[in-house]
1. Being buried (at least 16 other Cβ atoms within 10 Å of the Cβ) and touching a residue at least 60 places away in the same chain (Cβ under 8 Å) is the filter; apply it to the stretch 179-194 and report the residue that is farthest from the chain's Cα centre (by Cα).
2. Return the only residue of N203, N146, N158 being over 19 Å from the mean Cα position of the chain (by Cα), of a type outside the set (D, E, K, R), buried (at least 18 other Cβ atoms within 10 Å of the Cβ) and at pLDDT 90 or above.
3. I'd like to know if the stretch 40-56 contains one or more residues that are within 24 Å of W133 (Cβ to Cβ) and touching a Phe, Trp or Tyr at 6+ places or on another chain (Cβ under 7 Å).
4. Picking from N187, N146, N152, N138, which residue would you name as being in contact with a Ser or Thr (Cβ under 7 Å, 6 or more places away or on another chain), polar (S, T, N, Q) and in the same structural domain as E122 (by TED's automatic domain parsing)?
Amino acid sequence: MNEIKKVSTKNHLEQKERLLDTARELFATMGYEATTTRKIKEASHTSEGLLYYYFPGGKKELFDAVVLDKSWDREAVIEAFQFQPVATLAQLKAEIMRFFKAVWENLIQHDNYQIFMITVHEQAVINDGQDEWITRLNHLIVGRLNKYLRDNNDFLQNKLSDLVLMSKTLVANLQALIFSDLVIKGNRQISSHQFEALEQQVNFILQHDI
């Protein structure tokens, strides 16, 4: 009897996950308005009754669940990143670029990319706080970078009070690349030219007082 209950629970979780995956795909490719519960039901091969069983509020409740789905996992990847010890300014720059690349690669993961694009393009139906994960992620990135700069301030010869601004300026350059290439152009791979341009910006910021 216990085994039957376990299988049933597993099936329920799989069905709910399938609805979330399908809805996310449709919201990302077709947009919120064009995505109907009927299309979600047909694409996920589930009944409309099952959709409303898991999401009584229908499409809007499902949309809300999609936006918030696994948001903490995206932050966990940034938390888990391990900066390496450095002995020179050049090595410090290389570590920052490695960190930025990890941030980019986290964002372009299929599920993360779709949720990010939904959050950007569907502001009309985003509730207050639903895009908070982007703000939290940004603060986390700046915070981790600021701590790393503080730990290696000897190479920067900078006042500690300037490091917060330096961290924000560095991350702002990454954000500009994300919105220019990922959002506007839809480029999910950083070209060598783009990476070199970002590296030059990082190099300039690290060697000049902000």
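1. Looking only at the stretch 179-194, we keep the residues that are buried (at least 16 other Cβ atoms within 10 Å of the Cβ), and these are 181-182, 190.
Filter once more, keeping what is touching a residue at least 60 places away in the same chain (Cβ under 8 Å): 182, 190.
Working: L182: 12, I190: 16 Å.
Ranking the qualifying residues of the stretch 179-194, first place goes to I190.
2. Numbers: N203 fails: buried (at least 18 other Cβ atoms within 10 Å of the Cβ); N158 fails: at pLDDT 90 or above.
Only one candidate qualifies: N146.
3. No, the stretch 40-56 has no match at all.
4. Working: N187 fails: in contact with a Ser or Thr (Cβ under 7 Å, 6 or more places away or on another chain); N152 fails: in contact with a Ser or Thr (Cβ under 7 Å, 6 or more places away or on another chain); N138 fails: in contact with a Ser or Thr (Cβ under 7 Å, 6 or more places away or on another chain).
Within the list N187, N146, N152, N138, the selection yields N146.
This table checks each residue for (1) farther than 30 Å from F27 by Cα; (2) in a helix (DSSP H, G or I); (3) of a type in the set (D, E, K, R).
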| position | (1), (2), (3) |
| --- | --- |
| H139 | no, yes, no |
| S167 | yes, yes, no |
| F179 | no, yes, no |
| R188 | no, no, yes |
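The values are calculated or read from the model by the stated rules, or taken from the named source; none is laboratory data. What you see is a predicted model, and the numbers here were worked out from it, not measured in a lab. Please note: Cβ atoms are built from the backbone with ideal geometry, for glycine as well, and neighbour counts cover all protein chains shown.
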